[in-house]
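Encoded as structure tokens, the structure appears first; notes follow it.
The values are calculated or read from the model by the stated rules, or taken from the named source; none is laboratory data. Computed from a prediction, not measured in an experiment: that's the story for all the values here. Here the Cβ is made from the backbone with ideal geometry for all residues, glycine too, and neighbour counts use every protein chain on show.
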Ligand SMILES: Cc1cc2nc3c(=O)[nH]c(=O)nc-3n(C[C@H](O)[C@H](O)[C@H](O)COP(=O)(O)OP(=O)(O)OC[C@H]3O[C@@H](n4cnc5c(N)ncnc54)[C@H](O)[C@@H]3O)c2cc1C
Ligand code: FES
């Protein structure tokens with residue numbers, strides 16, 4: 001049994017998980033999995049196989065100073081032909097997956113086990129993954145998959161809202177929009193037992209090892225990947241730093257899972273959350289305005305990892321503010337829920 005799980009993330013967002021023995025190099029383990037990462041000398045001299053190990057421990061065999069400088073070593077750049085993992089790792093490659101992988105991304109056949117309304121505009125879709133499909137599902141908290149829309153040829157992207165440790169059942173939060181293909185399915189026709197194909201996982205928006213405070217801004221169903229991240233932090237006992245979570249919605253009735261967010265606090269997360277709605281009502285005594293209006297210096301006084309997820313205007317406004325504040329972009333991770341073009 002191979003020892004470590006290594007996630008390979010390519011520039012186009014495709015993510016493949018492989019098992020790697022301690023004695024293996026990443027290059028050899030990739031080959032066994034029919035992944036031909038770019039290489040040339042295989043001796044640590046040419047730097048063709050250079051990549052970035054974002055997370056995890058590793059050793060490198062022979063690497064020449066020309067192929068990998070001291071500064072690059074410090075930044076956790078690696079030569080994958082010389083790299084042996086010493087724990088689970090995440091490695092980012094600076095090129096598109098099609099240069100290394102001929103097979104299509106993995107598919108899983110799933111069965112709808114429940115569809116539940118969680119707010120006036122959001123439905124939760126729970127899927128059970130059919131067993132006996134050979135490959136094991138693995139994803140990083142924050143990533144997404146493409147789901148088939150039953151009865152159509154459409155595919156739509158949704159972020160996992162559940163823990164990557166729970167692979168029997170996965171959940172997604174879907175905002176219901178008028179005349180949307182997936183929206184109409186979950187709103188009007190979805191029933192228990194329907195078959196849905198899930199393809200992936202994908203995405204650069206995933207939880208980095210929590211080694212500093214975290215600031216998150218979630219707009220609407222942009223809360224989904226944050227829930228996956230929280231579950232993971234609790235289950236892997238890596239929730240050691242304070243987290244500030246800003247949640248935005250259009251109206252109070254759009255909000256969902258605020259009680260679940262509260263529960264994370266008693267489950268061990270040092271989490272402070274705040275909520276704002278664009279349009280309040282007579283029962284709403286909370287903040288009113290776009291959630292990005294509530295970004296303030298105090299949140300970024302200390303170096304923090306920043307996660308932004310939701311509608312493109314919210315991400316763009318947050319990014320503008322962070323740039324104005326001089327925040328180093330390497331700490332900023334974002335996922336825009338852009339509408340599909342097919
Ligand atoms: C990486 C990624 C992850 C995503 N994760 C999630 C998620 O977890 N939850 C989630 O709810 N969505 C998510 N989305 C958005 C999702 O993929 C769909 O685009 C969305 O659910 C609409 O799909 P639909 O089939 O219902 O509508 P479509 O059939 O795609 O659209 C119907 C019409 O509505 C327009 N439209 C699409 N989206 C909107 C919108 N938000 N507001 C107004 N008009 C719109 C379209 O341009 C089109 O004219 C994600 C998108 C990406 C790229
Ligand atoms: S292939 Fe040349 S350094 Fe790895």
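Given the conditions (1) in a helix (DSSP H, G or I); (2) loosely packed, with under 15 Cβ neighbours inside 10 Å; (3) within 22 Å of the chain's Cα centre (by Cα), which single one is not true for residue 323?
(3)
Tell me yes or no: at least one residue of the range 66-75 is in contact (Cβ under 8 Å) with a residue 12 or more places away in the chain, touching a helix residue (DSSP H, G or I) at 6+ places or on another chain (Cβ under 7 Å) and assigned by TED's automatic domain parsing to the domain that holds residue 20.
Looking for residues that are in contact (Cβ under 8 Å) with a residue 12 or more places away in the chain, touching a helix residue (DSSP H, G or I) at 6+ places or on another chain (Cβ under 7 Å) and assigned by TED's automatic domain parsing to the domain that holds residue 20, one finds none in the range 66-75, hence no.
Would you be able to tell me the number of residues in the range 219-234 that are assigned to a strand (DSSP E or B) and under 14 Å from the mean Cα position of the chain (by Cα)? Quick ask: steps written out before the conclusion?
Start the filter on the range 219-234 by keeping residues that are assigned to a strand (DSSP E or B), which leaves 219.
This time we only want the ones that are under 14 Å from the mean Cα position of the chain (by Cα), so: none.
Result for the range 219-234: 0.
Does the range 10-22 hold any residues that are touching a strand residue (DSSP E or B) at 6+ places or on another chain (Cβ under 7 Å) and over 17 Å from residue 104 (Cβ atoms), and which are they? Show your work before the answer.
Going residue by residue through the range 10-22, those that are touching a strand residue (DSSP E or B) at 6+ places or on another chain (Cβ under 7 Å) are 13-20, 22.
Of everything in the range 10-22, those that are touching a strand residue (DSSP E or B) at 6+ places or on another chain (Cβ under 7 Å) and over 17 Å from residue 104 (Cβ atoms) turn out to be 19, 20, 22.
So which residues in the range 121-144 are surrounded by 22 or more Cβ atoms within 10 Å (Cβ to Cβ) and either in a loop (DSSP other than H, G, I, E, B) or touching a helix residue (DSSP H, G or I) at 6+ places or on another chain (Cβ under 9 Å) (or both)?
Passing the criteria: 122, 123, 125, 139, 140, 141, 142, 143, 144.
Residue by residue, here is whether (1) without any contact (Cβ under 8 Å) to a residue 60 or more places away in the chain; (2) more than 9 Å from ligand 1 (Cβ to nearest atom); (3) crowded, with 21+ Cβ neighbours inside 10 Å holds:
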position	(1), (2), (3)
161	no, no, yes
165	no, yes, no
184	yes, no, no
195	no, yes, no
214	no, yes, yes
222	no, no, yes
225	no, no, yes
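For residue 216, which of the numbered conditions (1) outside any strand (DSSP E or B); (2) under 29 Å from residue 97 (Cβ atoms) fails to hold?
Status for residue 216: all satisfied but (1).
Given the conditions (1) surrounded by 17 or more Cβ atoms within 10 Å (Cβ to Cβ); (2) farther than 30 Å from residue 182 by Cα, which single one is not true for residue 275?
All conditions pass for residue 275, except number (2).
Can you list residue pairs whose Cβ atoms sit under 7 Å apart, with the first residue in the range 35-50 being farther than 13 Å from residue 78 by Cβ and the second being within 16 Å of ligand 1 (Cβ to nearest atom) and assigned to a loop (DSSP other than H, G, I, E, B)? Count only pairs 6 or more apart in sequence or on different chains.
The qualifying pairs do not exist here.
Quick one: residue 12 ticks every box in (1) away from ligand 1 (no atom under 16 Å from the Cβ); (2) assigned to a loop (DSSP other than H, G, I, E, B); (3) within 22 Å of the chain's Cα centre (by Cα) bar one, so which box is it?
Unmet for residue 12, out of (1) away from ligand 1 (no atom under 16 Å from the Cβ); (2) assigned to a loop (DSSP other than H, G, I, E, B); (3) within 22 Å of the chain's Cα centre (by Cα): (1).
Only one of 304, 239, 317 is more than 20 Å from residue 142 (Cα to Cα) and within 21 Å of the chain's Cα centre (by Cα). Can you tell me which?
On the way: 304 fails: more than 20 Å from residue 142 (Cα to Cα); 239 fails: more than 20 Å from residue 142 (Cα to Cα).
Residue meeting the stated conditions: 317.
When you scan the range 265-296, how many residues do you find that are under 21 Å from residue 311 (Cα atoms), outside any strand (DSSP E or B) and touching a residue at least 12 places away in the same chain (Cβ under 8 Å)? Give the steps one after another, and end with the answer.
Of all residues in the range 265-296, those under 21 Å from residue 311 (Cα atoms) come to 273-280, 287-296.
Filter again for outside any strand (DSSP E or B), leaving 278-280, 289-296.
Imposing the further condition that a residue be touching a residue at least 12 places away in the same chain (Cβ under 8 Å) reduces the set to 278-280, 289-295.
Matching residues across the range 265-296 total 10.
Identify, from the list 160, 202, the residue that is in contact with a helix residue (DSSP H, G or I) (Cβ under 9 Å, 6 or more places away or on another chain) and either at pLDDT below 95 or under 23 Å from residue 341 (Cα atoms) (or both). Break it down into steps so the answer makes sense when it comes.
Details: 202 fails: in contact with a helix residue (DSSP H, G or I) (Cβ under 9 Å, 6 or more places away or on another chain).
From the options 160, 202, the qualifying one is 160.
Starting from residues that are outside any strand (DSSP E or B) and within 11 Å of ligand 1 (Cβ to nearest atom), keep the ones in the range 145-159 and report whichever is surrounded by the most Cβ atoms within 10 Å (Cβ to Cβ). If you could, list the steps in order and put the result at the bottom.
So in the range 145-159, the residues outside any strand (DSSP E or B) come out as 149-154.
Next, from what is left, pick out any that are within 11 Å of ligand 1 (Cβ to nearest atom): 149, 152, 154.
Values: 149: 21, 152: 12, 154: 16.
Residue satisfying both the conditions and the ranking: 149.
Can you tell me which of 334, 318, 340 is part of a loop (DSSP other than H, G, I, E, B), in contact (Cβ under 8 Å) with a residue 40 or more places away in the chain and either away from ligand 1 (no atom under 16 Å from the Cβ) or on the phi < 0 side of the Ramachandran plot (or both)? Please lay out each step first, then the result.
Details: 334 fails: part of a loop (DSSP other than H, G, I, E, B); 318 fails: part of a loop (DSSP other than H, G, I, E, B).
Among 334, 318, 340, only 340 is part of a loop (DSSP other than H, G, I, E, B), in contact (Cβ under 8 Å) with a residue 40 or more places away in the chain and either away from ligand 1 (no atom under 16 Å from the Cβ) or on the phi < 0 side of the Ramachandran plot (or both).
Taking the range 25-35 as the region of interest, how many residues are part of a loop (DSSP other than H, G, I, E, B) and at pLDDT below 95?
Here is the first cut: in the range 25-35, the ones part of a loop (DSSP other than H, G, I, E, B) are 25, 33-34.
Those still in the list that are at pLDDT below 95 too: 33-34.
Looking only at that region, the number is 2.
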